[in-house]
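Written out below as structure tokens is the structure these notes cover.
The values are calculated or read from the model by the stated rules, or taken from the named source; none is laboratory data. The structure displayed is predicted, hence computed values, not measured ones. Glycine also receives a Cβ, built like all others from the backbone with ideal geometry; neighbour counts cover every protein chain displayed.
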Amino acid sequence: MYCVKVAEVNKMCRDVVEIVFDRDLRGYPGQFVMLNVFGYEEIPLSLSSPKSLTVKGVGKTTKALLNSKKGDVFGVRGPFGRPFSLPSVDEKVYLVAGGIGIAPLNYLYQTLKDEFEVIAIHGIRCKDEIMYDYPEIATDDGSAGFKGNAVELFLRIADFEEKMRVYSCGPKPMLLNLYKAMKKRNLLDCLEISLENYMKCGIGICGSCVTECGKRVCKDGPVFKGIDIIF
Amino acid sequence: MYCVKVAEVNKMCRDVVEIVFDRDLRGYPGQFVMLNVFGYEEIPLSLSSPKSLTVKGVGKTTKALLNSKKGDVFGVRGPFGRPFSLPSVDEKVYLVAGGIGIAPLNYLYQTLKDEFEVIAIHGIRCKDEIMYDYPEIATDDGSAGFKGNAVELFLRIADFEEKMRVYSCGPKPMLLNLYKAMKKRNLLDCLEISLENYMKCGIGICGSCVTECGKRVCKDGPVFKGIDIIF
Amino acid sequence: MLEVVISDLKLENPVILASGILGSKWSSLAKVAEFSGAIVAKSVGLNSREGYKNPVVLNQECSIVNAVGLASPGAKEFSKELEKLFKVTNKPLIVSLFAQSSEEFSSLPNYFPFASAFELNLSCPHAEKLGMAIGVDEKAVKDCIKAVKEVTDKPVFAKLTPNVTDITKIGIAAEKGGADAVVAVNTFKAISIDVVSRKPVLSNVKGGLSGKAIKPLALRCVWDLYEVLDIPIIGCGGISNWKDVVEFILAGAIAVQVGSAFYESYRAVEGIVKGLNDYLSYTGEKIEELVGLAHGGV
Amino acid sequence: MLEVVISDLKLENPVILASGILGSKWSSLAKVAEFSGAIVAKSVGLNSREGYKNPVVLNQECSIVNAVGLASPGAKEFSKELEKLFKVTNKPLIVSLFAQSSEEFSSLPNYFPFASAFELNLSCPHAEKLGMAIGVDEKAVKDCIKAVKEVTDKPVFAKLTPNVTDITKIGIAAEKGGADAVVAVNTFKAISIDVVSRKPVLSNVKGGLSGKAIKPLALRCVWDLYEVLDIPIIGCGGISNWKDVVEFILAGAIAVQVGSAFYESYRAVEGIVKGLNDYLSYTGEKIEELVGLAHGGV
Ligand SMILES: Cc1cc2nc3c(=O)[nH]c(=O)nc-3n(C[C@H](O)[C@H](O)[C@H](O)COP(=O)(O)OP(=O)(O)OC[C@H]3O[C@@H](n4cnc5c(N)ncnc54)[C@H](O)[C@@H]3O)c2cc1C
Ligand SMILES: Cc1cc2nc3c(=O)[nH]c(=O)nc-3n(C[C@H](O)[C@H](O)[C@H](O)COP(=O)(O)OP(=O)(O)OC[C@H]3O[C@@H](n4cnc5c(N)ncnc54)[C@H](O)[C@@H]3O)c2cc1C
Ligand SMILES: Cc1cc2nc3c(=O)[nH]c(=O)nc-3n(C[C@H](O)[C@H](O)[C@H](O)COP(=O)(O)O)c2cc1C
Ligand SMILES: Cc1cc2nc3c(=O)[nH]c(=O)nc-3n(C[C@H](O)[C@H](O)[C@H](O)COP(=O)(O)O)c2cc1C
Ligand code: FES
Ligand code: FES
């Protein structure tokens, strides 16, 4: 474990903050860190850029993080896990994020945007949850962008072809829909999904994050290829 | 510790053998290994080439080594210690070896001979002790080469100038003479000497090889610059 | 060549998954079972236990400190999980048990009719009144093993703690209690402090050290036990490659358990077994011939 | 800022050279003394001891196993060597003593009138009847310290072994015997086996483990001792940089000893002291303010 200091905290929407550190955490898009919030717990969070995390307050620790401020110090283990693989030069790239699933995809977007044609989609409940300004927005209530969920929007705008690459992160039901859509079109090998699971060690030994098919989300994932998962 | 296998044993003279291993020990000229002769002791020996040691039988362990043969296996720690530094392109190189002191200097000779003008001198007692064929020989009894010791021969043939580099290894009295000769001519910074001392750890912690001026032969040496030693 | 027999357990190779490592889900156990000689499930007690809150694991250069705190769903629930495993693997499944007393220990085996053997965790260094609290006391060790032996015909292994003045005394107590083998060792008591927050890193303050760092220490325990015990010894602690396994076997172990090495790779065991196989093919020996060889004629 | 006082010893910084490390020659001790707060000479007994034959040291990833075997020229000879040192350094010189009995211990201090303090080696794990043989026995520990306290007014430190079930009991025994401080800890019992020769690597078979690998273990000893002792604790085991020192201080040590780190560099201590100095300049604290801080409000 080493310590990092907060350089800047950006409020992204009501219950989401982007915490920027004073140094690079040396990870790749898709990797996560185990963040030790002293006095609270240690939790897994994806890198949302080389030096930032984007956190949604859902419980004790994440809500404490909403109040973090410049100068705060956190413990870090990692980055850990398998990152997203990079697309080939001729592939068209789609990012499909649901809710806070935008965190790892934002890092990927920043990495790819200058060299690839990237279409980023972010599905949220309503316009108050908009966090970043570049993605196509899909809202459940239609208060901004497309009315519907991220997968519906994706199905509408995507050109399904073998030279596509789809990266996704978000709630399980959303991932499942996307998975099915890609499977139906025989394009599972164009899909990469970042999974979440309850974590303790983060390094592949304790077994708490293991999936039904025996894979460790922390070590064999969190990014899995569509062909490697069985939902 | 790791193990190495003997590929070849060359008898150099009555009580000296060159033991060649089946793989490179990855050391530089001047470095030594702690060789564990199973059933005997672990002793320090200089690399006489990237994959060989040259040993003189003086006691229990070294005499056992005289009988080593192809296929024998030894334990190795190291290579350890500070190697000889390389000369500058325009320097004239002298190697002054006494007796088994030829071992590390042979490795240095093989490394330098193609790119530098190297004059190698080997002082021995009589012609029966000749080990390698390239050096100028000095014998105490005049039975081969120059009659006298290695330092006397060196003094006779050396051009003393600032662009010279003198490397030496051998018995203490010989090193002392050479040291004095270089000091008198104000050329101590052209001199590098490889020292020997009783060793246990070989890695700079036990203190058994420490010199009167507080230096560890195993770690701060065995190669010392003339200016850094006080005889 | 790699087959070993421990008590009446036949293993196709001597590399066993250590308890607590990926051992709480049937799916990961099944995966590791593919290459290992046997697997030990995560230690389970009578009732469910929450375990400690995060952080519970700290990875460091060469070692891991953990205080997971024997988190467990309890015997009944866990038995259901392990039963799923039982259906898909033919490898011996060793069920690791923890308890506060010999009575509690003897109530556990019945929950696991499919177990191939039981391992008593007398050695967890970071759970109060459990594990080590028993494992440092010769009489308690003997009593617990006896109690379990009385309720099961399966082999019973005693997993020992190295955090004692003389591990051979505990080993002898286990043997006297009727243990079919000892497992040496569990983790070493350790702590890690963060210099920025100035607090212990793990939520439980203290934990147990595992991984490469403890290999020479665990090996010493096996060596000492081999000099006094007649029952087989299963080595454990810091094993990460086939050479480590050979060291343990030469020191007196008949088999080994591997834990922290999974930090490097899921295929830790696979690699170790392959290396062992190549080594023994080369020397033309059986693993059993190597047991304790380093003790001879030193 | 870096000054600490242990009993009546004033140290200009808390980093002390550990016994047995470069500690048999005045010349190397003098060199290390330049930057360290104090130095401990190699343990010396009444009579000369050969020590074990090579190999006596094995360096591994993260750790060192040694069984030098308390090689020593004996009190009389070694006193002459140390006297040379006394003339050239103004740093406190701590003389480490080993013996087989309290009587033998009490005969030693007289040989070293120039010593600033004595450290009793009750903890060497690889010399029969010496060191650990005494250090695992509460009564023997108490008696030996008492005996030495009776013959000298200098501070007397007890160097403890971690190879016990409960180090706090030994610490308390030392305190009751009148020790002015404890040093925690000496090396951990270990062994290493060569898979090619199939023999133990060290000539003495077993040795003691030191270096980075043991840091979390040694730190745990200091932590536990701090909870029960009133006398100061000097931490030792695996320290290789200033952060390690801060960890030990936060766990309860007032000073530390450094040994194996000299494998990396002669200037190990120099680097550590510089780092500590920078850290405390930055936080604006004195080292003494940090002692035991990690125990508070966990
Ligand atoms: C690989 C990975 C990457 C993640 N990346 C992000 C991210 O970038 N941004 C973000 O906001 N969240 C991310 N999460 C989710 C985040 O870890 C949880 O929201 C957080 O652990 C909840 O902690 P809490 O104390 O606030 O909530 P709690 O009060 O503990 O629980 C609230 C909810 O979070 C779940 N949860 C609790 N602990 C964990 C845990 N250790 N791992 C996973 N879920 C848990 C609970 O099941 C519950 O549903 C990620 C999770 C994983 C596994
Ligand atoms: C850095 C270094 C490089 C060396 N390189 C070579 C070399 O390339 N070839 C070679 O033949 N010899 C070399 N030596 C010397 C060699 O190590 C000794 O000859 C050998 O250790 C003697 O061991 P033994 O058991 O045969 O003799 P012993 O019976 O132990 O003693 C014979 C003599 O060797 C000396 N000696 C014993 N042990 C050691 C020891 N550990 N270190 C140094 N001297 C010792 C004794 O003082 C005695 O004079 C080197 C020594 C050092 C320190
Ligand atoms: C995260 C973790 C959890 C563990 N849980 C248990 C357990 O439940 N029961 C047990 O007997 N040992 C447990 N252990 C100890 C291991 O089984 C093993 O004895 C120890 O880690 C040493 O082996 P290693 O160095 O190969 O990891 C655990 C170890 C770790 C690292
Ligand atoms: C080669 C070597 C020799 C040692 N000799 C002694 C000794 O004579 N007396 C003693 O009390 N401790 C001795 N020790 C133990 C050290 O003083 C120290 O307690 C131990 O090495 C742990 O600290 P470290 O990890 O910083 O090395 C020795 C250690 C080593 C490595
Ligand atoms: S969190 Fe421990 S195995 Fe993944
Ligand atoms: S041989 Fe141990 S310090 Fe040099």
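Below is a table of values for the structure above.
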{"quantity": "Set C:29, C:70, C:58, C:82: member being within 24 Å of residue C:265 (Cα to Cα) and part of a strand (DSSP E or B)", "calculated": "C:58"}
{"quantity": "The listed residue being under 23 Å from residue B:48 (Cβ atoms) and assigned to a loop (DSSP other than H, G, I, E, B), out of B:203, B:137, B:193, B:230", "calculated": "B:203"}
{"quantity": "Spans of strands (runs of 3 or more DSSP E) in segment A:20-78 with at least 2 residues within 14 Å of another protein chain (Cβ to nearest Cβ)", "calculated": "A:32-36, A:42-49"}
{"quantity": "The one condition in (1) more than 9 Å from chain C (Cβ to nearest Cβ); (2) without any contact (Cβ under 8 Å) to a residue 12 or more places away in the chain; (3) hydrophobic (A, V, I, L, M, F, W, C) that residue D:225 fails to fulfil", "calculated": "(2)"}
{"quantity": "Options C:168, C:152, C:89: the member that is surrounded by fewer than 22 Cβ atoms within 10 Å (Cβ to Cβ), out of contact with any strand residue (DSSP E or B) (no Cβ under 6 Å at 6 or more places or on another chain) and at pLDDT below 95", "calculated": "C:89"}
{"quantity": "Selection count where residues are crowded, with 24+ Cβ neighbours inside 10 Å and among the β-branched types (Val, Ile, Thr), scope segment D:218-244", "calculated": "4"}
{"quantity": "Residue count for segment C:245-298, restricted to those that are among the charged types (D, E, K, R), facing another protein chain (nearest Cβ under 10 Å) and surrounded by fewer than 24 Cβ atoms within 10 Å (Cβ to Cβ)", "calculated": "1"}
{"quantity": "Of all residues making up segment B:170-218, the number that are under 30 Å from residue B:1 (Cβ atoms) and more than 16 Å from ligand 2 (Cβ to nearest atom)", "calculated": "1"}
{"quantity": "Number of the condition not met by residue C:97 [criteria: (1) closer than 26 Å to residue C:208 by Cα; (2) within 16 Å of the chain's Cα centre (by Cα); (3) touching a residue at least 60 places away in the same chain (Cβ under 8 Å); (4) crowded, with 24+ Cβ neighbours inside 10 Å]", "calculated": "(3)"}
{"quantity": "Some residue of segment C:231-238 being aliphatic (A, V, I, L, M), more than 10 Å from chain D (Cβ to nearest Cβ), over 26 Å from residue C:168 (Cβ atoms) and under 16 Å from the mean Cα position of the chain (by Cα)", "calculated": "no"}
{"quantity": "Filter pass, residue D:215 being out of contact with any Ser or Thr (no Cβ under 7 Å at 6 or more places or on another chain), in contact (Cβ under 8 Å) with a residue 12 or more places away in the chain and surrounded by fewer than 24 Cβ atoms within 10 Å (Cβ to Cβ)", "calculated": "no"}
{"quantity": "Complete set of residues in segment B:115-129 that are more than 15 Å from residue B:170 (Cα to Cα) and hydrophobic (A, V, I, L, M, F, W, C)", "calculated": "B:116, B:118, B:119, B:126"}
{"quantity": "Residue within segment C:188-208 that is crowded, with 24+ Cβ neighbours inside 10 Å, within 16 Å of the chain's Cα centre (by Cα) and assigned to a loop (DSSP other than H, G, I, E, B) present", "calculated": "no"}
{"quantity": "Residue count, segment D:55-81 (criterion: within 13 Å of another protein chain (Cβ to nearest Cβ) and either closer than 20 Å to residue D:188 by Cα or among the aliphatic types (A, V, I, L, M) (or both))", "calculated": "17"}
{"quantity": "Unmet criterion (only one of (1) without any contact (Cβ under 8 Å) to a residue 60 or more places away in the chain; (2) farther than 22 Å from residue A:231 by Cβ) for residue A:172", "calculated": "(2)"}
{"quantity": "Test: residue in segment A:216-227 that is free of Cβ contacts under 8 Å to residues at least 12 places away in the same chain and either farther than 24 Å from residue C:52 by Cα or within 16 Å of ligand 6 (Cβ to nearest atom) (or both)", "calculated": "no"}
{"quantity": "Hits in segment A:140-153 - residues which are under 20 Å from the mean Cα position of the chain (by Cα) and not in a loop (DSSP other than H, G, I, E, B)", "calculated": "A:150, A:151, A:152, A:153"}
{"quantity": "Residue in segment B:80-98 that is within 12 Å of ligand 2 (Cβ to nearest atom), within 14 Å of chain D (Cβ to nearest Cβ) and exposed (fewer than 15 other Cβ atoms within 10 Å of the Cβ) present", "calculated": "no"}
{"quantity": "Extreme residue, nearest to ligand 5 (Cβ to nearest atom), among residues of segment A:192-204 that are at pLDDT 95 or above and either of a type in the set (Val, Ile, Thr) or over 14 Å from residue A:80 (Cα atoms) (or both)", "calculated": "A:203"}
{"quantity": "Pairs where the first residue, in segment D:6-33, is within 10 Å of another protein chain (Cβ to nearest Cβ) and the second is outside any loop (DSSP other than H, G, I, E, B) and among the polar types (S, T, N, Q), C-beta under 6 Å, 6+ apart", "calculated": "D:18/D:257; D:22/D:28"}
{"quantity": "In segment B:101-117, the residues that are under 8 Å from the mean Cα position of the chain (by Cα) and either closer than 22 Å to residue B:156 by Cα or not hydrophobic (A, V, I, L, M, F, W, C) (or both)", "calculated": "B:101, B:102, B:104, B:105, B:106"}
{"quantity": "Selection from segment D:4-25 of residues that are away from ligand 2 (no atom under 16 Å from the Cβ) and part of a loop (DSSP other than H, G, I, E, B)", "calculated": "D:7, D:8, D:12, D:13, D:14, D:18, D:19, D:20, D:21, D:22, D:23"}
{"quantity": "Matching option when the condition is more than 16 Å from ligand 1 (Cβ to nearest atom) and free of Cβ contacts under 8 Å to residues at least 12 places away in the same chain, among B:127, B:147", "calculated": "B:147"}
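Residues checked against (1) in a helix (DSSP H, G or I); (2) among the basic types (Lys, Arg); (3) out of contact with any helix residue (DSSP H, G or I) (no Cβ under 7 Å at 6 or more places or on another chain):
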position	(1), (2), (3)
C:94	no, no, yes
C:100	no, no, yes
C:104	yes, no, yes
C:114	no, no, no
C:119	no, no, yes
C:123	no, no, no
C:127	no, no, yes
C:133	yes, no, yes
C:140	yes, no, no
